[in-house]
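The values are calculated or read from the model by the stated rules, or taken from the named source; none is laboratory data. These numbers were taken from a predicted model, which means no experiment stands behind them. Every residue, glycine among them, receives a Cβ derived from its backbone with ideal geometry; neighbour counts consider all protein chains shown. Areas reflect the complete protein model, heavy atoms only, side chains present, ligands, DNA and RNA absent. Shrake-Rupley method; radii C 1.70, N 1.55, O 1.52, S 1.80 Å.
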Amino acid sequence: MGPRLRGDDGFIVKYISTRGQAPALNFEEVLLTGLAPDGGLYVPEQLPQFSREEIASWASLAYNELAFKIVQPFIDDCIPADDLKAIIDETYVDFRHPSIAPLVQLDTNEWVLELFQGPTLAFKDFALQLLGRLLDYVLERRHQKVVIMGATSGDTGSAAIQGCKRCNNIDIFILHPYQRVSEVQRRQMTTVMNDNIHNLAVEGNFDDCQAMIKASFNDKSFLPEDRQLVAVNSINWARIMAQIVYYFYAALALGGPHRPIAFSVPTGNFGDIYAGYLASKMGLPIDQLIIATNSNDVLHRCVSRNDFSRHELAHTLSPSMDIVVSSNFERLLFDCYDRDGAAITELMKQLESDKLSISDKAFNSVRQLFDSHTVDDQATVATIADVYDKNGYLLDPHSAVGVESARAVRRRKDIPMVTLATAHPAKFPEAVMKAGYPHEPDLPHHMEDLFEREERYQVLPNDLQAIQEFVVKNITS
Ligand SMILES: *Cc1c(COP(=O)(O)O)cnc(C)c1O
């Protein structure tokens, strides 16, 4: 049993809001909650700490065994250990590589961690496969059923659908912009035939979809009284938690914790790399974390020169990182401001008026562990071409942003630098072919028939009432 998150009063430590004005929650409650009522994000009041000896003793564990060690202290008494073990063992069955998160070597001390072996070929499967199962377990126990609604421009929706397809207590409705997601991405969602999966193709763009989701969360009165509405976006705490595991897994495979390690992380909403920061706070010796961004470089500007100004959205070859604001960065700032919720509330107000800069102390504390870099489409394509040329290894455009950033700003050549490969190249044929690859990259063999599978989705007008009526009519059971 790992260290336990016990407060001074002997009870399980709670999750608290970054803005300091919301009630603390236990794990089960935080699982079912998105934003805190004060507008903040939930974080654990205390982190589990692992000694080097303890981490070293995990060196021969399989991925699911390691996941149990790391995740268990965050959940503690909310789920009995045997049940949690069974949930975690189930979580990774649909990953097609036996190691779950294999490492590939590009050069001396240069590695790629393949996080795209899951059912939808992107790293979001790590979080959403676990989240769906945890939710279903807790709902079963509470005799409760919920509706999940989300909007997607591609990756998140398919990972959420795959994560929830076996959940008896969840109906999931995913809105995507009609004819504006790639065929692979659409088919990954629409070929899942389970009754509780509902794909809505909206005659509008992604922002329209997102606006309707937001409106539905703001006024839930359209739903039957016994259905709670749940979000599975990247601010959900359980998603972050699941992502901590692979930082430990990669480090252990490369000589950690006796040897420090560095990571380069293709970054959008700052969820994935924030999990790396937590791994370091929990005792894993990490020397450097590189925030790798595409031309939507708000985080690079923040971390390199304390500039948080809002720029317009650019559409890039790495669309899953096309963002204007990175929500999870607030969680890091909370620590850099010594967990002062009032200070964060004030900062976020400034952010809305576009005049934010953080204190020197906070800025310096971010800079201790983090560096950043921005890679435009041209450099992304050049990196895919270079790595294919030298290694015969095909990167997807998001992972290429990571590899190029690692090469540009790494601090030490004598320790392993691991880039997180967040998607499989077959998901992004356009970028790969721009790099000179002669044809669309092949889908992995278990998906070869994706283009022959039957699809099911409903085309609906860009109209909130029509969407909500469809949801209510199609809730199962
Ligand atoms: C979501 C996503 C990212 C960005 O991850 P964040 O946690 O939002 O920073 C990077 N690459 C791919 C392929 C993604 O799907």
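Structure notes:
- Charged side chains reduced to their Cβ positions (Lys and Arg at +1, Asp and Glu at -1) give the stretch 116-199 a dipole of some 80 debye around its Cα centre.
- Between the residues 328, 476, 443, the greatest Cα displacement towards the positive end of the dipole of the stretch 325-477, with unit charges on the Cβ of Lys, Arg, Asp and Glu, is found for 328.
- Since only 269, 55, 232 are under comparison, the one whose Cα sits farthest along the positive direction of the charge dipole of the chain, derived from C-beta charges on Lys, Arg, Asp and Glu, is 55.
- Entries of 145/427; 281/361; 165/220; 69/361; 165/427 with Cα pairs more than 25 Å apart: 145/427; 69/361
- The stretch 371-477: C-alpha gyration tensor shape, a/c 1.5 cut-off, then a/b vs b/c: prolate
- Helix runs (DSSP H) in the chain reaching 24 Å along axis by Cα, Kyte-Doolittle at least 0.5: 237-253
- Taking a Cβ cut-off of under 15 Å around residue 193, the surrounding Lys, Arg, Asp and Glu residues balance to a net charge of 0, with basic ones at +1 and acidic ones at -1.
- In the complete set of protein chains, residue-level accessible area for residue 453 is approximately 80 Å², probe 1.4 angstrom.
- Cα gyration tensor, the stretch 130-182 - rounded (a/c under 1.5), prolate or oblate: prolate
- Debye, to nearest 20: dipole size of the stretch 327-477, +1 on Lys, Arg Cβ, -1 on Asp, Glu Cβ: 700
- Contact order relative to length of the stretch 366-421, as percent, for alpha carbon pairs under 8 angstrom and 6 or more apart: 36
- Rounded to the nearest 20 debye, dipole of the chain from Cβ charges on Lys, Arg, Asp, Glu: 760
- Loop-resident chymotrypsin sites (Phe, Trp or Tyr not before Pro) (DSSP state other than H, G, I, E or B) in the stretch 410-477 with no more than 13 further Cβ atoms inside 10 Å of their Cβ: 451.
- Trypsin sites (Lys or Arg not before Pro) restricted to DSSP loop in the stretch 344-399 with at most 16 other C-beta within 10 Å: 355
- Relative contact order computed over the stretch 154-240 (Cα-Cα under 8 Å; 6+ residues apart), in percent: 30
- Candidates 73, 118, 143 compared by Cα position along the dipole of the stretch 72-208: farthest toward the positive end lies 143, with charges placed on Cβ.
- Above 30 Å, the calculated P(r) of the chain contains 44 percent of its Cα-Cα pairs.
- DSSP-loop trypsin sites (Lys or Arg not before Pro) across the stretch 294-330, with at most 13 other Cβ within 10 angstrom: 310
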